[in-house]
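Just below is one structure, and these are the notes that go with it.
The values are calculated or read from the model by the stated rules, or taken from the named source; none is laboratory data. Keep in mind that this is a model prediction, so the values were computed, not measured. Don't worry about glycine lacking a Cβ; one is built from the backbone with ideal geometry, like all the others, and counts go over all protein chains shown.
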């Protein structure tokens with residue numbers, strides 16, 4: 001999900017390479033680690049009742065209910081983190097309109113088309129009674145999407161179109177503007193919607209024209225936040241205490257979202273995948289900042305520098321393949337559906353651990369397939 005999850009980084013193969021420039025690798029290793037972390041949670045987000053929504057099948061108020069809900073909310077960091085990486089890296093440099101369109105947008109559009117074809121055919125052949133139609137394919141490609149997971153690619157292409165405007169913005173604003181932006185997000189995305197529901201059970205809403213929605217949109221807010229944390233924030237002031245405070249804020253944000261999900265459950269008397277997600281991302285800005293700060297602090301510090309070079313190469317390799325993993329994971333998940341029974345019935349693994357094992361299996365298979373596809377002429381540049 002850095003749209004092309006990795007276009008913004010200097011060219012690196014997802015193969016483990018000896019003789020890597022270690023200084024450059026050390027400076028970017030936190031980005032690769034964030035990609036891996038986020039890609040895994042993208043897969044988990046698509047496990048439905050078997051993982052993501054598993055909490056709703058346990059007794060309301062039980063420890064398992066709360067623990068699984070906490071994990072369900074945590075996984076929502078995935079897409080924001082990818083947008084943050086895109087902003088952190090893409091907004092650092094000026095690019096001509098021609099380069100944006102000919103190198104960035106066309107590349108992503110081609111990747112979207114090719115893998116939409118692969119996914120459409122693959123799922124159509126796998127699904128019982130599935131039908132394939134050229135007209136249906138192009139209708140979904142244009143008006144919907146071939147698989148719901150691909151919405152991010154469409155949003156990322158939209159982000160690429162706005163790059164000149166965002167770049168002009170970051171070149172001309174100070175750190176206080178970013179802080180003000182974060183406050184706006186907390187007020188209008190986190191606090192107001194939750195207070196509205198808590199006080200009126202969803203009957204009263206702020207008049208939409210009063211909300212600065214354009215700057216709080218995914219393709220604007222998260223890239224700007226990523227750019228701020230990576231390129232503007234004074235990391236010399238960041239200490240272990242700072243990381244600890246953000247970690248507490250991240251946990252508190254997730255717990256606040258869990259409280260609202262549970263409260264809405266009590267008001268409506270039902271908890272479906274659709275209704276429960278009303279507040280899943282309400283406070284997600286806190287864990288997103290916490291994870292970004294923690295990983296950059298760790299990998300930029302002395303502890304991170306002591307990590308063996310082989311481990312860093314593995315992380316770089318995995319991170320370099322996350323776009324391919326993202327493109328393939330829905331199709332792989334379909335063909336790996338039998339793993340659920342293997343883990344739960346044959347191995348007697350509990351449901352949540354089974355979900356995590358399936359996600360790990362899909363991630364690993366996507367990694368191997370991406371390595372193979374990168375050897376195909378033309379696909380390497382797309383992946």
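Just give me the residues in region 230-262 being surrounded by fewer than 19 Cβ atoms within 10 Å (Cβ to Cβ), touching a helix residue (DSSP H, G or I) at 6+ places or on another chain (Cβ under 7 Å) and closer than 21 Å to residue 75 by Cα, in sequence order.
If the condition is that a residue be surrounded by fewer than 19 Cβ atoms within 10 Å (Cβ to Cβ), touching a helix residue (DSSP H, G or I) at 6+ places or on another chain (Cβ under 7 Å) and closer than 21 Å to residue 75 by Cα, then 243, 247, 249, 252 are the ones that fit.
Six or more apart or on different chains, Cβ under 7 Å: which pairs go from a residue in region 334-354 that's surrounded by 11 or more Cβ atoms within 10 Å (Cβ to Cβ) to one that's assigned to a loop (DSSP other than H, G, I, E, B)? Could you list them?
343/349; 352/51
Among helices (runs of 4 or more DSSP H) lying entirely in region 271-383, which contain 3 or more residues that are touching a helix residue (DSSP H, G or I) at 6+ places or on another chain (Cβ under 9 Å) and under 24 Å from residue 126 (Cβ atoms)?
322-335, 351-373
Give me the helices (runs of 4 or more DSSP H) completely within region 180-259, filtered to those with at least 2 residues that are more than 25 Å from residue 160 (Cα to Cα) and free of Cβ contacts under 8 Å to residues at least 40 places away in the same chain, ordered by residue number.
Qualifying helices (runs of 4 or more DSSP H): 192-200.
Suppose the filter is closer than 17 Å to residue 80 by Cα and touching a residue at least 24 places away in the same chain (Cβ under 8 Å); does residue 263 pass it?
It is false that residue 263 is closer than 17 Å to residue 80 by Cα and touching a residue at least 24 places away in the same chain (Cβ under 8 Å).
So residue 173 ticks every box in (1) in a helix (DSSP H, G or I); (2) modelled with pLDDT of 95 or more but one. Which box is left unticked?
(1)
Of these, 347, 340, which one is modelled with pLDDT under 95 and farther than 15 Å from residue 51 by Cα?
Only one candidate passes the filter, namely 347.
Scan region 54-63 and give yes if some residue there is more than 14 Å from residue 276 (Cα to Cα), touching a helix residue (DSSP H, G or I) at 6+ places or on another chain (Cβ under 8 Å), at pLDDT 95 or above and part of a helix (DSSP H, G or I), otherwise no.
no
Taking residue 107 as the residue in question, decide whether it is touching a residue at least 12 places away in the same chain (Cβ under 8 Å), surrounded by 15 or more Cβ atoms within 10 Å (Cβ to Cβ) and assigned to a loop (DSSP other than H, G, I, E, B).
Details: touching a residue at least 12 places away in the same chain (Cβ under 8 Å): yes; surrounded by 15 or more Cβ atoms within 10 Å (Cβ to Cβ): yes; assigned to a loop (DSSP other than H, G, I, E, B): no.
It is false that residue 107 is touching a residue at least 12 places away in the same chain (Cβ under 8 Å), surrounded by 15 or more Cβ atoms within 10 Å (Cβ to Cβ) and assigned to a loop (DSSP other than H, G, I, E, B).
Of (1) over 21 Å from residue 225 (Cα atoms); (2) touching a residue at least 24 places away in the same chain (Cβ under 8 Å); (3) within 22 Å of the chain's Cα centre (by Cα), residue 157 satisfies all except one. Which?
Failed condition: (1).
So, residue 114, is that one under 23 Å from the mean Cα position of the chain (by Cα), over 21 Å from residue 376 (Cβ atoms) and outside any loop (DSSP other than H, G, I, E, B) or not?
Against the criterion (under 23 Å from the mean Cα position of the chain (by Cα), over 21 Å from residue 376 (Cβ atoms) and outside any loop (DSSP other than H, G, I, E, B)), residue 114 does not qualify.
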